[in-house]
Amino acid sequence: MASVSVRIAGAHGDGVESSGALLIKVAARTGMHVFAYRGYGSIIRGGHCWYQVRLGSSELKSYGEGIDILIALNQESISNQKSRLRDNAVVIYDPSKIKVEELDGKGYRLVPIPLLDIAIAASGDPIMRNTVALGAVLKLIGINIEAFREVIKGQFGRKGDVVVEQNMKAVSGGYDHQGVQTLYSIEGDGKKRYALDGNTALSIGAYAAGCKFYAAYPMTPASTILHWFASHEDKGVMPKQVEDELAAINMAIGASSAGVRAMCGTSGGGFSLMVEGLGLAAMIETPLVVVESQRSGPSTGVTTKTEQGDILFAMHASQGEFPRIVVAPRSVKESFKVAAEAFNLSDRYQVPVIIMMDLYLSEHVETVEVLGVDGVSVDRGKLVTENKEEGRFKRYLVTEDGVSPRSVPGHKGMEFVAGSDEHNELGDLVTDMYAGLDWAIEVRKQMHSKRMRKIDTMLKNETVFVPEIFNETADHFLVTFGSTTEAAMEAVGILNSQGMNFGLVSFSYLMPLDKEKTRKMLEGKKLINVEGNYTGQLAQVIRMNTGIDITQSILKYDGEAFTGELIAKEVVTLVK
Amino acid sequence: MAEVSTAAKQVLTSGVKPIWCPGCGDYSVQAGIMKALTDLGIERENVLIVSGIGCSSSMPHPFSTFGVHSLHGRLLPVAAGAKLANDELTVIGAGGDGDGYGIGVGHLVHNARRNVDITYVVMNNEIYGLTTGQTSPTSLFGAKTKSTPFGSIENPENPIGIALAAGATYVARAFSGDPMHMAQMIKMGIQHKGFSIIDVFSPCVTFNHTNTYDWFRQRVYKLEQAGHDATSISAAMAKSLETEATNWEKIPIGLFYRVEKPTYSALDMTLQKGPLVKQPFPTKQQVMDILEEYK
Ligand SMILES: Cc1ncc(C[n+]2csc(CCOP(=O)(O)OP(=O)(O)O)c2C)c(N)n1
Ligand code: SF4
Ligand SMILES: [Mg+2]
């Protein structure tokens, strides 16, 4: 078997999340590949939640459609999860608390373990029943119990050996329980990989690029970026929780205009409040990175569920026309790269960069061998400290490439006023008093086209603004952006193993797009767009840029994430 | 207007003509800020004047310092962000009553309680000037404006009281008709370490025909000459309520309150290592070390 999906299910407060995190860590330590995702509601205690941890001996691209091993911590977990159980699935439960009659006669392998009794005997703490169940899982998939000890030691080492021993007792209770035997053999290769989620990878990418200021107002699923910066304040970054998203974006703009690499982040609701600030950054040509982690909308929506519904909004948010970069990382690893890259692009072209995450990408955990720290370089673009010309510094000098030299406070002779009103090369306004005068009309034309020219410059100088194609000679192509890409790749693998010939075209950068190259790549191909929204927003972007109309699509807006299996199934019904 | 020597004026002047109507109170405020900066000998490259949108918010342009002319109501977050990024700058916020007490009032409360070391000058003309004369949050009850032709039925805000309640550590009020006193209030505000607000009655001669220079002249008196104890928050709060209590017959100007408290920068962990903008980017090794947490 190439992979096993373990789902821990229970109520909020049952320790579902911490058990999942523990399993991820132990498996990653043994060199297994891990892909894990959580399902939860907005309430903090009570309510159903689950953590699915998929383990494999080779790279994984989704958290897996079905459940191979279920740890049911309450009765609800049985009724709620039974539809997802695979044939032969193992169900671990405590017979003193949970009835499993509804699973009878279905061929599942029921593993009753007195989780609570063992937990109490080991530590006196009922929450340890998760650990007992984890012990059984380790045995089922053939992970040596010493790997668990190593992780627990790392986690609780300082609290003393007592806790470690209690944990070991609990885990052994499950591991050695009669009737529990190794059923799956997932081979780890012994390499220790990083296990992290998209928001963590993004935060580290930003940190590596020298982002020192992060402003936010808490909003799921972006809050963990704020938490990351807050918990790394001793590493020379300034996290700032502010009064609202208006403050978040405008503070980041303030910090950036003083020369610091700055970022703000939120979800769709907060991004709605940031819209005016986005235009300010664009107008005063101050670099800015904004993270928008999408969740199910509209309005407050489904607060803890994923969606890819905001890309058209991000591409068009704020009045008037201005160049911007919109990018949706396609994996945890790419979240790191995109974040690090974003600061260079934003500095180089003095445009806002919007990173489109989503709840699924922000929160799911993947193992990654190399994150790409060596590839991070810093380019601050036309940041200057000396005025080479006579007279006042021309901050908005009209240049061929549209990018003007930029200065920050503290440097003599480089002073200027950055104005949200239309201005001339010096930054002096042409609006209030002069609007409509012949020379002012000329200045307006010059300045607007100067800013807009940056789009051509970006397209000319950068290679990132085209989609990526896999299996160019395929008969059919799935077309994706952002976080759906990995699952689609998994689907391509499944379909091709069934004798079909599928390829994949995937977008990370969505704006601007190299229209010509994109059109050439897509032209004449049979395309199916796969997106986490109702209207096929990527297909609309493609039509807008290339005139190509994609007529078949797989769209999902139920809040849950795609898996390869799911996509493959839908594709089969579409093409047959 | 406040006296500034010609030489000093030249250094701080960009040559850009302000947009204000002849007689607008904002000219005095410009002169007051200039005098304060000149007196304090602050180099222009270390000054950042941040404004919002409104007549008053065109303040940065006549100056040869750095400036950001930002969005309506958002000058405080922009100013605070810049100050946190470079603590060595003298950051001055300059905007209108609509900007700061209306659309942006939330930021006033929060930056006051943060005690970010910036000096915020509000040109309070009790009207929306740039949008041609609508009611403002400080317009008097009954004020007849373009948007309240039958008289406003809302009570005016008490910005001094709000600033005090929010925890501003320097709270003063001035009047464009008394420029030397105003320059002094602004100067003390810049010198003060922490969040300073100076509410300046700055008459709009074009759209506010009630709150005129003469109207203010008949009513204002100086706290400094009235035995006010500016170290007492309760005395300050009582003074802030006096205007309404006297039905705007007596309006105190001057220093309401001043207290020494650690600034945001003084307490911030990261800033103990110097201004953010001067701190080095992480090395590859530092990034790799952080990544170890995830193994
Ligand atoms: C978000 C937004 N809403 C409305 C406006 C229009 N607007 C510009 S200035 C202004 C009010 C100006 O009044 P105030 O802040 O008191 O400044 P004054 O002109 O009186 O100095 C308004 C409503 C705007 N620029 N932005
Ligand atoms: S309209 Fe009023 S506030 Fe605006 S410049 Fe004229 S006098 Fe000043
Ligand atoms: Mg006003």
So, over other residues within a Cβ distance under 13 Å of residue A:76, counting Lys, Arg +1 and Asp, Glu -1, the net charge is +1
Hey, what number do you get for chain B at 222 nm if only DSSP H runs of n ≥ 4 count, each worth -39500 (n - 2.57), divided across all residues, to the nearest 500?
-9500 deg cm²/dmol
Most exposed first, judged by fewest Cβ atoms within 10 angstrom, A:447, A:274 run A:447, A:274
Cα pair distances in region A:266-367, grouped into 10 Å bins until the bin that holds the longest one, percent each:
16, 47, 30, 6, 0
Folded to 0 to 90 degrees: helix A:268-283 orientation relative to chain A principal axis, Cα
30 degrees
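Averaged over peptide B:13-21, how many Cβ atoms belonging to another chain are found within 10 Å of each residue's Cβ? Can you show the working numbers first?
Working: counts 0, 7, 4, 6, 2, 2, 5, 1, 0.
Across B:13-21, the average partner-chain Cβ count within 10 Å equals 3.
Provide the net charge surrounding residue B:11, with neighbours chosen by a C-beta distance below 10 Å and charges set as Lys +1, Arg +1, Asp -1, Glu -1.
Working: positive: B:9, B:44; negative: B:43.
Result for the neighbourhood of residue B:11: +1.
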For the protein assembly as shown, size of Cβ-based charge dipole, Lys and Arg +1, Asp and Glu -1, in debye
540 debye
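Taking the convex hull of the Cα atoms, report for region B:88-142 its projected area averaged over all directions, in nm². If you can, show how the numbers build up before the last one.
Working: hull surface 17.6 nm².
The Cα convex hull of region B:88-142, projected and averaged over all directions, gives 4.4 nm².
In this model, which of A:337/A:520; A:382/A:454; A:460/A:520; A:388/B:278 are farther than 19 Å apart at the alpha-carbon? Show your work: numbers first, answer last.
Numbers: A:337/A:520 26 Å; A:382/A:454 13 Å; A:460/A:520 17 Å; A:388/B:278 23 Å.
Over 19 Å Cα-Cα: A:337/A:520; A:388/B:278.
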Partners for residue A:97 among aspartates and glutamates (Cα-Cα distance below 16 Å; same-chain residues under 8 apart left out)
A:14, A:76, A:117
Packing rank of A:433-446, A:194-207, A:503-516, where each peptide gets the mean count of other beta carbons within 10 Å, highest leading
A:194-207, A:503-516, A:433-446
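Test of understanding: ordering B:34, A:414 by Cβ neighbours within 10 Å, fewest first, what list do you get? Can you show the working numbers first?
Values: B:34 23, A:414 20.
By the 10 Å Cβ count, ascending, the order reads A:414, B:34.
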State, as an integer percentage, the relative contact order of region A:253-325 based on alpha-carbon contacts under 8 Å between residues 6 or more apart.
32 percent
Hey, can you rank B:257-264, A:276-283, A:490-497 by average C-beta count inside 10 Å, highest first?
A:276-283, A:490-497, B:257-264
For every other residue with a beta carbon closer than 11 angstrom to the beta carbon of residue A:475, add +1 if it is Lys or Arg and -1 if Asp or Glu, then tell me the sum.
+2
Ascending count of other beta-carbon atoms within 10 Å, so fewest first, for A:449, A:5, B:265
A:449, B:265, A:5
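Please state the charge dipole magnitude for region A:478-568, taken about the Cα centre, from unit charges on C-beta atoms (+1 on K and R, -1 on D and E), reported in debye and rounded to the nearest 20.
Values: 8 positive and 10 negative charges, 89 e Å.
In debye, rounded to 20, region A:478-568 gives about 420.
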In whole percent, what relative contact order does region A:328-448 give with Cα contacts below 8 Å and a gap of six or more residues?
18 percent
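Convex hull over the Cα atoms of the protein assembly as shown, averaged projected area in nm²?
Values: hull surface 162.0 nm².
Seen from a random direction, the Cα hull of the protein assembly as shown projects 40.5 nm² on average.
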If you line up the long axis of helix A:16-29 against the longest principal axis of chain A, both from Cα atoms, how many degrees apart are they, to the nearest 10?
90 degrees
Among A:361, A:339, A:315, which residue has its Cα furthest toward the positive end of the charge dipole of region A:195-375, with +1 on Lys/Arg Cβ and -1 on Asp/Glu Cβ?
A:339
Could you state the orientation-averaged shadow area of the convex hull built on the Cα atoms of region A:468-575, in nm² to one decimal?
6.1 nm²
Using only the alpha-carbon atoms, how far is helix B:26-40 inclined from the longest principal axis of chain B? Give it as 0 to 90 degrees, nearest 10.
40 degrees
Hydrodynamic radius by Kirkwood for region A:3-192, inverse mean 1/r across distinct Cα pairs, in Å, is 16.4 Å
Find the centroid of the Cα atoms in region A:27-50 and in region A:505-576, then give the distance between the two in whole Å.
29 Å
Using every Cα-Cα pair within region A:372-423, state what percent have a distance larger than 14 Å.
60 percent
Could you tell me the distance between the Cα centroids of region A:267-306 and region A:210-261, to the nearest Å?
14 Å
Placing +1 on the Cβ of each Lys and Arg and -1 on the Cβ of each Asp and Glu in region A:29-97, which of A:50, A:90, A:70 has its Cα farthest towards the positive end of the resulting dipole?
A:50
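Report, in deg cm²/dmol and to the nearest 500, the calculated mean residue ellipticity at 222 nm for chain A, where each DSSP H run with n ≥ 4 adds -39500 (n - 2.57) and the sum is divided by the residue count.
On the way: 18 runs with 216 residues, N = 576.
Rounded to the nearest 500, it is -11500 deg cm²/dmol.
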Only Cα pairs under 8 Å and at least 6 apart count here; give the relative contact order of chain A as a rounded whole percent.
12 percent
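Can you give the mean number of other chain Cβ atoms that lie within 10 Å of the Cβ atoms in peptide A:203-210?
Numbers: counts 1, 6, 1, 0, 5, 9, 3, 4.
Across A:203-210, the average partner-chain Cβ count within 10 Å equals 4.
Taken together, the values in this text are just the output of simple stated rules run on the coordinates, not laboratory data. Quantities reported herein were computed from a predicted structural model and do not represent experimental measurements. Neighbour counts are summed over all protein chains in view; Cβ atoms, including those assigned to glycine, are modelled from backbone coordinates with ideal geometry.
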